[in-house]
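Heads up: the structure comes next, in structure tokens.
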Amino acid sequence: SWGTTCAEGPGRHQPTCWQPGLSPPLPSSPGTPRSIAGLYDLERTLGKGHFAVVKLARHVFTGQRVAVKVIDKSKLAGEAAGQLLQEVRCMKLVQHPNVVRLYEVIDTHAKLYLILELGDGGDMFDHIMRHEGGLAEPRAKHYFAQIVHAISYCHKLHVVHRDLKPENVVFFQEQGVVKLTDFGFSNRFQPGKMLTTSCGSLAYSAPEILLGDEYDAPAVDIWSLGVILYMLVCGHPPFQEANDSETLTMIMDCRYTIPPHVSAQCADLISRMLQRDPKQRASLEQIEGHTWLQGVDPSPASRSLLPLTSHKRVSEEEHEIILQAMMCGNIADRDTIQE
Ligand code: ATP
């Protein structure tokens, strides 16, 4: 079962994964402490997913505000625990202005805490739900181009997200951008090689995933991009029937209708992503080059005042100061830090 029925209209979509060893959906974790390892004070809840609760938190010493994804390890069986490591690996790997940064990971006996860059404007699902009939196309274009930009970057690093949906796109109002989060189902892929694990959320899943076939990893993200663009301009999901089995049938038949207020160019782009046959789906280059997306700056975040710093840009002198501070703080010895 997909765990959600949709009889009462669009709701937030929970992912399902059929890997053996995954325990049933987590309830919200009741035992979340008020502080983590004396380093972060936990405040209000920002969002809840199937597998985690995300809280606003403040660094005890610096006052920096972050988002903390709290994962109750006791609820995760073997394979799912492995998937958790995959989330951490992929999030560490992808460093892009349109992907939420993973600052650090705090691992305790019972819980795993992912300390994340804080989105200050809620998520895209709630935003879409506040706009009946969808967003105006220039706005939708502005956000969609950034999501495409982030996914294009991930695919270049051979990382597939596999759970793309508006709930996993977070607003950063101060920076004026949106960023992709929740790499809980992400994985590395080898170009041309098929993946087999079926995961994602029903309403956003590509037909080949639902069939349980081997699938070409990047193409499943393209399908979900099609669903996201549809939702942005229509205000509801393209495949959303009274129950899961009807939704499944509509996805398998690739049957959806685009309301008349959507422009022909935008409708064309949606139809190029929502193709039943993965080989017929548009590539990311074709999406980025599509007429509907022309004239939009794909990455306003790259002009952000908050540059990402690489250790290669740090001078020798600065490097030494940082090393000294880390050694004084008993982080590790010089060799370990440098390694
Ligand atoms: P899912 O059920 O989709 O697997 P999950 O348990 O993996 O979800 P996330 O999707 O990572 O949890 O987060 C749940 C919600 O928390 C998001 O939909 C969003 O509203 C909020 N959220 C997540 N990350 C951040 C962030 N960095 N800043 C602000 N809010 C966030």
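Across all Cα atoms of segment 42-86, the radius of gyration (one decimal) and Dmax (whole number) stand at 12.7, 37 Å. Three principal axis extents of segment 82-133 based on alpha-carbon atoms, in descending order, are 44, 27, 21 Å. Once the chain from Gln64 to Asp107 is taken as fully extended at 0.36 nm per residue, the excess over their C-alpha distance is 13.5 nm.
Here segment 229-291 is treated with +1 on each Lys and Arg Cβ and -1 on each Asp and Glu Cβ, and its dipole about the Cα centre works out to around 140 debye. Put simply, the amide H of Val177, placed in the peptide plane, has neighbours under 5 Å in Phe172, leaving out anything fewer than 5 places away on its chain. Of the chymotrypsin sites (Phe, Trp or Tyr not before Pro) in segment 47-149, the ones in a loop by DSSP (not H, G, I, E or B) with at most 15 other beta carbons within 10 Å are Phe61.
For segment 47-111, with only Lys/Arg (+1) and Asp/Glu (-1) charged at the beta-carbon, what is the dipole magnitude about the Cα centre, in debye rounded to 20?
Roughly 240 debye for segment 47-111.
Taking max minus min of the alpha-carbon positions on each principal axis, segment 254-294 gives extents of 27, 27, 8 Å, largest first. Counting protein heavy atoms only, segment 112-219 has 48 percent of its accessible area on carbon and sulfur, 1.4 angstrom probe. How far is the Cα center of segment 68-124 from the Cα center of segment 233-266, in Å? Measuring centre to centre over Cα atoms gives 31 Å. Give the cross-link partners of Lys165 among the lysines, using a straight C-alpha distance below 28 Å as the criterion and excluding same-chain residues fewer than 8 apart. Leaving aside lysines fewer than 8 places away in the same chain, those within reach of Lys165 are Lys48, Lys55, Lys69, Lys73, Lys75, Lys92, Lys111, Lys141, Lys156, Lys179, Lys193, Lys279.
Computed over protein heavy atoms with a 1.4 Å probe, the accessible surface of segment 39-127 works out to 44 Å² per residue.
The values are calculated or read from the model by the stated rules, or taken from the named source; none is laboratory data. Computed from a prediction, not measured in an experiment: that's the story for all the values here. Every residue, glycine among them, receives a Cβ derived from its backbone with ideal geometry; neighbour counts consider all protein chains shown. In case anyone asks, the SASA skips ligands and DNA or RNA and just uses the protein heavy atoms, side chains included. Shrake-Rupley method; radii C 1.70, N 1.55, O 1.52, S 1.80 Å.
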